[in-house]
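So the structure is just underneath, and the comments pick up after that.
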Amino acid sequence: MAEVDGNNEQSASANGAKNGASEDVSASAKATAQAAIQRGVDAAEAEEYEVAEEAFEEAVAADPTDARARYDLGRVRQSLGDPDGAIVSYRRAIQLDPSLIEAYINLGNLYSELGQDEDAHEVFESALELDSGNDELFISLGDTYRNMGYFEDAVLAYRQAQILNPDNETAVNNLKETRAHIEEQAENISELERRVDDAPRDLTRYSDLADAYLDAHREQDALNLVNQMLALAPEEPTTYETQATVFEAMGKLDDAANAWERVTQLAPNDAEAWEHLGTWRYEQGMLDEAITAYREAVRLSDDSPGLRFSLSEALREAGQYDEAIEQYKRLVEEFKGASDDADEEALAEAYAGLAASYNLADRYDDALTTANEALERFPDQPEALYEQASALDALGRQDEAITAYERALEGDPQNCGIYNDLADTYLAVGRVNDAIEMAETAISLDPEFVIGYETLAQALHAAGREDEANIAIQRAAELHAALEDDLDDEEEDGEDEGDEGEDGEGK
């Protein structure tokens, strides 16, 4: 779908924010914003996008509650080849006016272009709640489903587009293509099933078939196949590798970790299995177990920098800062003579990890020295800038920290954590309105970002906007409670699955 041009629809600008901050904006400020918007529209129509961007930024500064100005800013940023900046602008526009359908459409299409299909799916579903009769939206949703491998859901979306507009040729063609892919996928699965029938003791054929089932999102069929493998070869690592892959696809984190643990028991010299086990133990929050697994993987394959990066990160997350620092130092020294892009990326990552470990260990001078050294080689690296800002902030050098945070955001404008930390620092130096803007931007990027609401509440309180501050506090409390409920549910599910496992019957 093409980018939507909504410049002629001025409802959001005229009516102001509907769901964003309710700060009072003076009539003169609104007039300034409207004049800037018109200059931006004129410049955009003349394809003078840099001029348009400057005008829309002026409009946003004059009236932060104007959703249309932010939407228009997103459009020109997209035209300037700044997708991250466009995403931030579209999300803020939606936050301020959840009925601004053009912002959803452009944001969803942009996510699709970037390959962020899950984000695109979420945006298109939200857009359809506003405009369920839009056949083009259903085509976009169908395309997203198809990109994600959900071909049956894509068929339903394309069919709905045809129902709404029988003359929509794109819907007709996409539906035919999707049907053809489903048939091809089914033929491939049938062939793999026949191969298993021909050699029912060949585990490799079972694994190939399981992969095909997962590609078709037939997770239960894949799990049933694994149960056959367990009966056939309960002591073969391949059986549990396949089982782990299936559980990973099903989002069963505990079961996936346990399957990889079984692989390490059956194949104790398999470094890759230990790495997988470390990854899933890390995801479970079982940091000591993750560290143990990564240590074994490193012992078996010490020439793998990726394993040592994983070990270093787990050590840092577990609060074992001294050892994490030593690990990152080794990595920095190893890659200082980087001669290709991959090694340069590894060196930048090692510097950032080292600086972060110093910051977490309250060794702020060391963190600042490391970040500065990294920035001499990588002047615009967001991670190094962020660690530099964090160190400066902790050392009481807030003005310098603000500059570093702002530079970090230029390189990583979708990082809600940086926005939140910048909001905190703005608040510390009395820039309350800027703090509110940063906190709201963080929340627009991640509406379930608990700490963002807490920071927003503090900033609103400082601005004397107590009712809004209380709403932000309430939202943070709701999200905290939801997270605790999710954790409780996961623990109960784990106990139930453990009980089933004791019976020795997988279903």
Go through segment 150-157 residue by residue and turn each phi into a ³J(HN,Hα) via Karplus (6.51, -1.76, 1.60, θ = phi - 60°); whole Hz please, and just put x for glycine and proline.
9, 6, 5, 5, 4, 4, 4, 5
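Which of ASP366, ASP198 has the fewest other C-beta atoms within 10 Å, and how do the rest follow up to the most?
On the way: ASP366 17, ASP198 9.
In increasing order of surrounding Cβ atoms, one gets ASP198, ASP366.
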Options (1) 26.2; (2) 32.1; (3) 27.5 for mean projected area of the Cα convex hull in nm²; the value derived from the coordinates is listed as (3)
How charged is the neighbourhood of ARG159? Take every other residue with its Cβ under 12 Å from the Cβ of ARG159, and add Lys/Arg as +1 and Asp/Glu as -1.
-1
Calculate one ³J(HN,Hα) per residue across segment 230-242 by plugging θ = phi - 60° into the Karplus curve 6.51 cos²θ - 1.76 cosθ + 1.60, and present them in order as whole Hz with x for glycine and proline.
4, 6, 6, 9, x, 10, 9, x, 4, 4, 7, 5, 5
Could you name the aspartates and glutamates in cross-link range of LYS176, using Cα to Cα under 16 Å and dropping any fewer than eight places away on the same chain?
ASP143, GLU152, ASP153, ASP167, GLU184
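Just so you know, all these numbers are worked out from the coordinates, no wet-lab data involved. Worth saying up front: this structure is predicted, and the values here are computed from it rather than measured. A quick note on method: Cβ atoms are made from the backbone with ideal geometry, for glycine too, and the neighbour counts reach across all protein chains shown.
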